[in-house]
Structures are given as structure tokens and as C-alpha cells.
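Let me begin by presenting the structure, written as C-alpha cells, before commenting on it.
The values are calculated or read from the model by the stated rules, or taken from the named source; none is laboratory data. Here the structure is a predicted model, which means the values were calculated and not measured. With ideal geometry, Cβ positions are generated from the backbone for all residues, glycine too; neighbour counts draw on all protein chains shown. Keep in mind that these areas ignore ligands, DNA and RNA; they rest on the heavy atoms of the full protein, side chains included. Shrake-Rupley method; radii C 1.70, N 1.55, O 1.52, S 1.80 Å.
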Amino acid sequence: MLIRDGFPGQRLRVLPRPRVAEALSSPITGRMLVTDAGHFPHAAAHGRDRPRGAEEVVVILCTGGAGHLEVRGEEHPMSPGEVAVIPRGEPHRYRADPRDPWTIWWMHVTGADADDLATAITQAAGDFIPVMQVHDPYAAKAALEHALVSLERDETVASLFAAAGAAWGLLAQLAADRARGAKETGDPILAAQDYLREHLETTTSVAELATIAGLSISHFSARFRLASGMGVVEYHKRLRSARARELLITTEATVADIARAVGYDDPFYFSRQFRAINGTSPSSYRLAARDRAHPQP
């Protein structure tokens, strides 16, 4: 049985239908309106079956695990860094992989620009291709989170404008990615940063990263600091901290297990590093995050 929502650590916002109707009568949000947005971490048994399609364009970015989209009689597997864009009214079915459930950021958008951009994204050389590799998955995630945060703030015109801007930027970038074709090798510093993101659990030397980037150690170090505003060690430490914060909020894993997951064998050393960046211990951070999510009356 497929589950629509209700996953530990999830975030979800849905505009009331009367507010949607009102916003669609406005010149700006009538062209691009985010009606629903969310983040479902490790969404076991998640899925939807829409034989008549959705009333809005559906955008799903997979950032972990795996999933499957079925549309027009074809199944499209999805893995981290891939996005599905499903045009309005397109019958479809999607589900998390039962062995490795996906983590997704998603939104529903409507309006004339949403429809036009969805067409530009899904049409390639006359073929309908609803799933694509995102050229910059971290920027795509940031855009989806921006849209969600805007709806979490309130339902004012300002928040709807902010969400619409994030959605428009993301869809336009996806359309540009589609027009450019397959992802090309990018900046060597970005490649090194991507490598660090994908290897949080291991310690990587500057020499190894310089080799990945195809640069000398001194040239690589200078370019990395210029691009990142910090050295490699500090950058990697902050990536690990960000992942640890996510695990503290969305899982019941112990601090020791989270420490190991982000590359620290010593949980006490991990706690010191975490406190240096976040100003609090991992346990206190988790408690404060849960208090914010479930405030007392």
C-alpha cells in the first residue's frame, strides 16, 4: 500500500484551495504559483497513483535512495541528483523503492509559465522525457527548500511571490539544462566540492583533491579558498556538520552513530567539532529542533 505522507522528519505545506483561486487571479502568481511543497526524508512506502494526472505541474527531486516513476506506459527509475517533472493533467504513478526508499524535495506549481516551462523541460527532440539528471542538484535542492520555507512562513502575497520566484528559477534552470543536453564536466573546484559532499564519511587529503581537480596542490588550494571562502578542511567539516544536523532532526540515530556516518570515529571529538560550528551540542541541537517543530501550547 502506498503512503501519501506522514514520514518522520517530513515538512509539508499545502495552500487552501480558496487561496489558490485568489492567487491565480493575480498577474504575477497567475503565471507561477507554488500550491504545495514538501520534504520527505527516507520515505518508505511513499507513492501516489494519479490516473487522471494532477491539477498542477509536479516536480520531484531525489536527493537520496531511489524511486520509480511510471508515465505513458514507461517506467523511469530515479536516483539521487535526478528530477521528475510531470506536466499538468499527465496520468502517472510514482513510488519509493522498497529496498532503498528515496528522500525527496518536491512541489506542485501552476500557472501559464509553469505549463510552458514544463513543456520545455520534458520535450527533447520530439520525445517526452519526464526524468533528467540535474546539472547542479545542490542549487535545485536549495530552490525547492526556498519555496517550502516561503510557504512555511505564511500565505501572504510576499511569501507567494518568494515561492514563485524560487520555482520559476528552478524550472528555468531545468529547461536550460535540457537545452544544453548531457551534463558536461564543470569547474574543477566544483568537482572537488562535489567529491567532498559524496564522501563525508572518509578523510580526503588536499593532494587527493588536487589530483581530482587536475591542478597542483598550491594552485588547487588557492582556487579552492577563493571559491569557497575557506580551506578544504573547514569546508569538509561544515559539510559534515550540515549532514549531522539533518540526521539529528530526521532520524533517531544515536550521536555516536551519526558521528560515524559523517566520518568521525570518536563521538566526543565529533561533539566538539559540532559545537564549534553550531554553538551547541548535538543532543541539545536535536532537542531544540524538536521543540521548534512541536511547540508547547
Which of the residues belonging to the range 164-190 are open to solvent by 40 Å² or more (accessible area, probe 1.4 Å) and aliphatic (A, V, I, L, M)? Ala179, Ala182, Leu190
Can you go through Ile249, Ile189 and tell me which one is closer than 25 Å to Gly81 by Cβ, in contact (Cβ under 8 Å) with a residue 60 or more places away in the chain and under 26 Å from the mean Cα position of the chain (by Cα)? Ile249
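Could you list all residues from the range 34-68 that are more than 18 Å from the chain's Cα centre (by Cα) and part of a loop (DSSP other than H, G, I, E, B)?
Ala45, Pro51, Arg52, Gly53, Ala54, Glu55, Glu56
Matching residues to (1) of a type in the set (Gly, Ala, Ser); (2) open to solvent by 50 Å² or more (accessible area, probe 1.4 Å); (3) in a helix (DSSP H, G or I):
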position	(1), (2), (3)
Ala162	yes, no, yes
Leu209	no, no, yes
Ile212	no, yes, yes
His219	no, yes, yes
Arg240	no, no, yes
Residues that are among the charged types (D, E, K, R), at pLDDT below 95 and surrounded by fewer than 18 Cβ atoms within 10 Å (Cβ to Cβ), at least 2 per element: which strands (runs of 3 or more DSSP E) completely within the range 69-148 meet that? none
Whether any residue in the range 262-285 is acidic (Asp, Glu), assigned to a helix (DSSP H, G or I) and either surrounded by fewer than 17 Cβ atoms within 10 Å (Cβ to Cβ) or out of contact with any Pro (no Cβ under 7 Å at 6 or more places or on another chain) (or both) is what I want to check. no
Being assigned to a helix (DSSP H, G or I) and β-branched (Val, Ile, Thr) is the filter here, so list the residues in the range 149-160 that pass it. Val149, Val157
